[in-house]
Amino acid sequence: MKGPEVAVFCGGTSAEREVSLGSGRACALALARAFPTRLFVLGENALPPGLDRSRHVVFSTLHGTFGEDGGMQSLLDAAGVHYAGCGAAGSALTMDKTRTKATVAAHGLAVADAVVFDPESRPAAAEVAERLGLELVVKPNNEGSSVGLSVVGSMAELEAALQRAEGGRWLVERRIRGRELSVGVLNGRAMGIVEIRPHSGVYDYASKYTKGLTEYVAPAPIDAGVEASVKAAAQTAFAACGCRDYARVDFILSPGNEPFLLEINTLPGMKETSLLPMSARCAGWDFTALVREMVLPAWKRFHSGAAVFKL
């Protein structure tokens, strides 16, 4: 296919660097089957040398801070470089779990009650427990891959989790017990639903990235009506947060079959075994076809001369 070279970004400076390196290599290999492709391994929060807006379209697999919070997207916008995925504003919004939840709640989606705090003014455990109970999840407000996540069920565990919270804003959520589901959204339309079954009962960093600790069922065994409501919720969340091209939307399905939004991941893990590719396979997309479709809108924007998105 004639056109610009696809510049695949990976690595970065966040806690998710190793995950990003795996995603980048897998996507670069797949994209090279359809496009001229170059892999850029980034080690700082800056555009890499050799990137050229006149001949490159960026496909980023940078995860976490700066990579998917609007930082890199803002640099690309300022440089006039076209790129696949969400723009800077949508990326910044969805990286902030509190803002994301407020946005989707305003569009009728269910979210867990929560307390937000900074380490400099952390709340007393008794105050949190009085408001939310003791079945809770404590996690950073602006991290992915379950970095820093703690599940607590007692006052002692809550006190310890609050004390461990350092750097940036944190979130304490009422724990919604149910089935964890993940839905890929491609060009605004939901694909298959994946059910996540961690053997520990908690889908934390170890359960995500240690082989054999989690079972994934794709498509999830749910009835047609529930499937339709979860997919509709994913599409609503995607649109409400101003997402573009693709994203992954995660839910807890309550015992009453109500989907509670967990988060929207605009640059999700992209190995062949990652959740978004699992979701895509349910809809008939193999990995190579998926990554081609993910970059194609940016490739078309490059050719159409469309203005680069600005904040």
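The values are calculated or read from the model by the stated rules, or taken from the named source; none is laboratory data. Here the structure is a predicted model, which means the values were calculated and not measured. Glycine gets a Cβ as well: all are built from the backbone with ideal geometry, and neighbour counts include every protein chain shown.
Applying the set (1) modelled with pLDDT under 95; (2) surrounded by fewer than 17 Cβ atoms within 10 Å (Cβ to Cβ) to D113 leaves exactly one unmet item: (1).
Yes/no per residue for (1) in contact with a helix residue (DSSP H, G or I) (Cβ under 9 Å, 6 or more places away or on another chain); (2) at pLDDT 95 or above:
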| site | (1), (2) |
| --- | --- |
| C241 | yes, yes |
| D245 | yes, yes |
| L253 | yes, yes |
| G284 | no, yes |
| A289 | yes, yes |
| M294 | yes, yes |
| A298 | no, yes |
| F309 | yes, no |
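Listed by position, the helices (runs of 4 or more DSSP H) inside region 1-99 whose residues that are more than 21 Å from the chain's Cα centre (by Cα) and not acidic (D, E) number at least 3 form an empty set.
Scanning region 102-160 for residues that are touching a Pro at 6+ places or on another chain (Cβ under 9 Å) and small (G, A, S), we see that the one that is farthest from E173 (Cα to Cα) is G144.
Suppose we filter A283, A233, A218, A224 for residues that are more than 22 Å from H63 (Cα to Cα) and surrounded by 22 or more Cβ atoms within 10 Å (Cβ to Cβ); which single one remains? It would help to see each step written out before you state the result.
Details: A283 fails: surrounded by 22 or more Cβ atoms within 10 Å (Cβ to Cβ); A218 fails: surrounded by 22 or more Cβ atoms within 10 Å (Cβ to Cβ); A224 fails: surrounded by 22 or more Cβ atoms within 10 Å (Cβ to Cβ).
Matching residue, one of A283, A233, A218, A224: A233.
Summed over region 82-124, the residues that are in contact with a strand residue (DSSP E or B) (Cβ under 9 Å, 6 or more places away or on another chain) and more than 30 Å from R292 (Cα to Cα) give a count of 16. Inspect region 290-305 for any residue being in a loop (DSSP other than H, G, I, E, B), free of Cβ contacts under 8 Å to residues at least 40 places away in the same chain and either within 25 Å of L76 (Cβ to Cβ) or of a type in the set (A, V, I, L, M) (or both) and give the result as yes or no. There is at least one residue in region 290-305 that is in a loop (DSSP other than H, G, I, E, B), free of Cβ contacts under 8 Å to residues at least 40 places away in the same chain and either within 25 Å of L76 (Cβ to Cβ) or of a type in the set (A, V, I, L, M) (or both).
Working only within region 187-203, note down all residues that are at negative phi, surrounded by fewer than 20 Cβ atoms within 10 Å (Cβ to Cβ) and either of a type outside the set (K, R) or in contact with a Cys (Cβ under 7 Å, 6 or more places away or on another chain) (or both).
Step one: of region 187-203, the residues at negative phi are 189-200, 202-203.
Filter again for surrounded by fewer than 20 Cβ atoms within 10 Å (Cβ to Cβ), leaving 189, 195, 197-200, 202.
Of everything in region 187-203, those that are at negative phi, surrounded by fewer than 20 Cβ atoms within 10 Å (Cβ to Cβ) and either of a type outside the set (K, R) or in contact with a Cys (Cβ under 7 Å, 6 or more places away or on another chain) (or both) turn out to be E195, P198, H199, S200, V202.
Condition check ((1) in a strand (DSSP E or B); (2) modelled with pLDDT of 95 or more; (3) within 18 Å of the chain's Cα centre (by Cα); (4) over 30 Å from W285 (Cβ atoms)) across all residues:
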{"site": "H107", "(1), (2), (3), (4)": "no, yes, no, no"}
{"site": "R131", "(1), (2), (3), (4)": "no, yes, no, yes"}
{"site": "S145", "(1), (2), (3), (4)": "no, no, yes, no"}
{"site": "G167", "(1), (2), (3), (4)": "no, no, no, yes"}
{"site": "L181", "(1), (2), (3), (4)": "yes, yes, yes, no"}
{"site": "I193", "(1), (2), (3), (4)": "yes, yes, yes, no"}
{"site": "R197", "(1), (2), (3), (4)": "yes, no, no, no"}
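Of everything in region 229-282 that's of a type in the set (S, T, N, Q) and in a loop (DSSP other than H, G, I, E, B), which residue is nearest to S91 (Cα to Cα)? If we take residues in region 229-282 being of a type in the set (S, T, N, Q) and in a loop (DSSP other than H, G, I, E, B), then T266 is nearest to S91 (Cα to Cα).
Does F238 count as buried (at least 20 other Cβ atoms within 10 Å of the Cβ), without any contact (Cβ under 8 Å) to a residue 60 or more places away in the chain and in the same structural domain as G192 (by TED's automatic domain parsing)? Outline the logic, then answer.
Numbers: buried (at least 20 other Cβ atoms within 10 Å of the Cβ): yes; without any contact (Cβ under 8 Å) to a residue 60 or more places away in the chain: yes; in the same structural domain as G192 (by TED's automatic domain parsing): yes.
Against the criterion (buried (at least 20 other Cβ atoms within 10 Å of the Cβ), without any contact (Cβ under 8 Å) to a residue 60 or more places away in the chain and in the same structural domain as G192 (by TED's automatic domain parsing)), F238 qualifies.
Among the residues of region 55-75, those that are crowded, with 24+ Cβ neighbours inside 10 Å and in contact with a Leu (Cβ under 7 Å, 6 or more places away or on another chain) comprise V58, F59, S60, T61, L62, H63, G67, E68, M72. Remark: pairs (first residue in region 149-173, within 19 Å of D113 (Cβ to Cβ); second residue among the polar types (S, T, N, Q) and in a strand (DSSP E or B); Cβ separation under 8 Å; 6+ apart in sequence or on different chains) = E157/S150; A161/S150.
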